[in-house]
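Q: First the structure, then my questions, so here it is.
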Amino acid sequence: MKSVLIPLLAGLAPLCFATPGAVDEYDCHRDFDSGEYHCHGSDDRAKQQHTLIGISSRTDVWRYSDGPMNVFSGAAAELELAFDHLALHGGYAYQIHVTGAEDYNLTGWDIGLKAGPNIARLGFHPYVEAGYFSQNFNLLFGQQLPFSGIQYGVGLIWNRNAMAFDLRLMNKTIGELEQVWSSLGAPGVIMNATGQFGLYFRF
């Protein structure tokens with residue numbers, strides 16, 4: 001019996017003591033002795049950073065003090081660089097006016113910092129975001145009315161091996177937009193919000 005048990009125990013010993021510590025949902029853990037975080041599963045599950053390149057559908061809504069709304073809808077080119085719990089996200093959008101004159105449109109860019117648990121790793125991850133936006137309200141004959149401000153909101157990202165899907169809901173400060181709109185003799189703006197759904201290649 002000893003001749004069977006001794007080789008068996010000798011073979012199991014390295015598995016028991018080589019990498020102590022329970023693994024997390026990504027088959028990774030922090031070594032008790034060295035403090036190093038390392039993984040035992042696939043490279044895709046171990047991956048803690050990503051680059052996203054893709055497009056999104058984007059809708060902006062301006063709501064006024066007397067009730068009506070202006071809605072702009074279009075597409076945006078998007079780029080994101082993420083590591084673990086943080087991501088830097090930027091985009092440039094073109095949106096047409098869907099509740100009024102089709103000759104009017106919105107163009108502009110935004111950049112923001114996302115924060116959320118494991119947002120650079122595989123799976124579904126909620127996050128919060130804050131950043132800056134700069135847009136032009138484009139009228140007839142090349143007239144442009146620029147406005148900018150701070151934006152903040154929440155989102156949900158679904159990271160897969162080679163793709164990612166992202167839903168964002170953002171609120172934007174209205175100070176400069178209200179000045180622009182008032183210069184046209186329109187009622188005051190009480191809300192400027194953006195909804196966005198993005199599809200990305202994930203590297």
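Q: Closer than 29 Å to Q48 by Cβ, part of a strand (DSSP E or B), in contact with a Gly (Cβ under 9 Å, 6 or more places away or on another chain) and in contact (Cβ under 8 Å) with a residue 40 or more places away in the chain: does that describe Y132?
A: On the way: closer than 29 Å to Q48 by Cβ: yes; part of a strand (DSSP E or B): yes; in contact with a Gly (Cβ under 9 Å, 6 or more places away or on another chain): yes; in contact (Cβ under 8 Å) with a residue 40 or more places away in the chain: no.
Spelling it out, it is not the case that Y132 is closer than 29 Å to Q48 by Cβ, part of a strand (DSSP E or B), in contact with a Gly (Cβ under 9 Å, 6 or more places away or on another chain) and in contact (Cβ under 8 Å) with a residue 40 or more places away in the chain.
For every residue, the table says whether it meets (1) assigned by TED's automatic domain parsing to the domain that holds V98; (2) within 22 Å of V98 (Cβ to Cβ); (3) not in a strand (DSSP E or B).
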{"residue": "N136", "(1), (2), (3)": "yes, yes, no"}
{"residue": "F141", "(1), (2), (3)": "yes, yes, yes"}
{"residue": "I150", "(1), (2), (3)": "yes, no, no"}
{"residue": "V154", "(1), (2), (3)": "yes, no, no"}
{"residue": "R168", "(1), (2), (3)": "yes, yes, no"}
{"residue": "W181", "(1), (2), (3)": "yes, yes, yes"}
{"residue": "N192", "(1), (2), (3)": "yes, yes, no"}
{"residue": "F197", "(1), (2), (3)": "yes, yes, no"}
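Q: Take the conditions assigned by TED's automatic domain parsing to the domain that holds L177, within 27 Å of G142 (Cβ to Cβ) and at pLDDT below 95 and apply them to A77. Does it pass? Talk me through it step by step, then tell me what you get.
A: Values: assigned by TED's automatic domain parsing to the domain that holds L177: yes; within 27 Å of G142 (Cβ to Cβ): yes; at pLDDT below 95: no.
The answer is no for A77.
Q: Restricting to the range 39-58, and then to whatever is in contact with a Cys (Cβ under 8 Å, 6 or more places away or on another chain) and exposed (fewer than 13 other Cβ atoms within 10 Å of the Cβ), can you tell me which residue is modelled with the lowest pLDDT?
A: Just the residues of the range 39-58 that are in contact with a Cys (Cβ under 8 Å, 6 or more places away or on another chain), to begin with: 39-41, 45-46.
Restricting the remaining residues to those that are exposed (fewer than 13 other Cβ atoms within 10 Å of the Cβ) gives 40-41.
Working: H40: 69, G41: 62.
Ranking the candidates gives G41 first.
Q: Restricting attention to the range 110-140, and to residues there that are of a type in the set (A, V, I, L, M, F, W, C) and surrounded by 16 or more Cβ atoms within 10 Å (Cβ to Cβ), which single residue is nearest to M170 (Cα to Cα)? Quick ask: steps written out before the conclusion?
A: Step one: filter the range 110-140 for residues of a type in the set (A, V, I, L, M, F, W, C), giving 111, 113, 115, 119-120, 122, 124, 128, 130, 133, 137, 139-140.
Right, trim to surrounded by 16 or more Cβ atoms within 10 Å (Cβ to Cβ) and you get 119-120, 122, 133, 137.
Values: I119: 18, A120: 20, L122: 24, F133: 11, F137: 18 Å.
Restricting to residues being of a type in the set (A, V, I, L, M, F, W, C) and surrounded by 16 or more Cβ atoms within 10 Å (Cβ to Cβ), the top hit is F133.
Q: Could you please give the count of residues in the range 58-71 that are under 20 Å from Y152 (Cβ atoms) and touching a Ser or Thr at 6+ places or on another chain (Cβ under 7 Å)? Talk me through it step by step, then tell me what you get.
A: We begin by selecting, within the range 58-71, every residue under 20 Å from Y152 (Cβ atoms); these are 58-63.
From the residues that got through so far, the ones that are touching a Ser or Thr at 6+ places or on another chain (Cβ under 7 Å) too are 58-60.
Of the residues in that region, 3 qualify.
Q: Can you give me the number of residues within the range 66-89 that are closer than 30 Å to Y26 by Cα and surrounded by 16 or more Cβ atoms within 10 Å (Cβ to Cβ)? Walk me through how you get there before you give the answer.
A: Of the range 66-89, the ones closer than 30 Å to Y26 by Cα are 78-89.
Filter again for surrounded by 16 or more Cβ atoms within 10 Å (Cβ to Cβ), leaving 78, 80, 82, 85, 87, 89.
Residues that pass the stated criteria total 6.
The values are calculated or read from the model by the stated rules, or taken from the named source; none is laboratory data. It should be emphasised that the depicted structure is a prediction, and the values quoted were computed from it without experimental measurement. Glycine also receives a Cβ, built like all others from the backbone with ideal geometry; neighbour counts cover every protein chain displayed.
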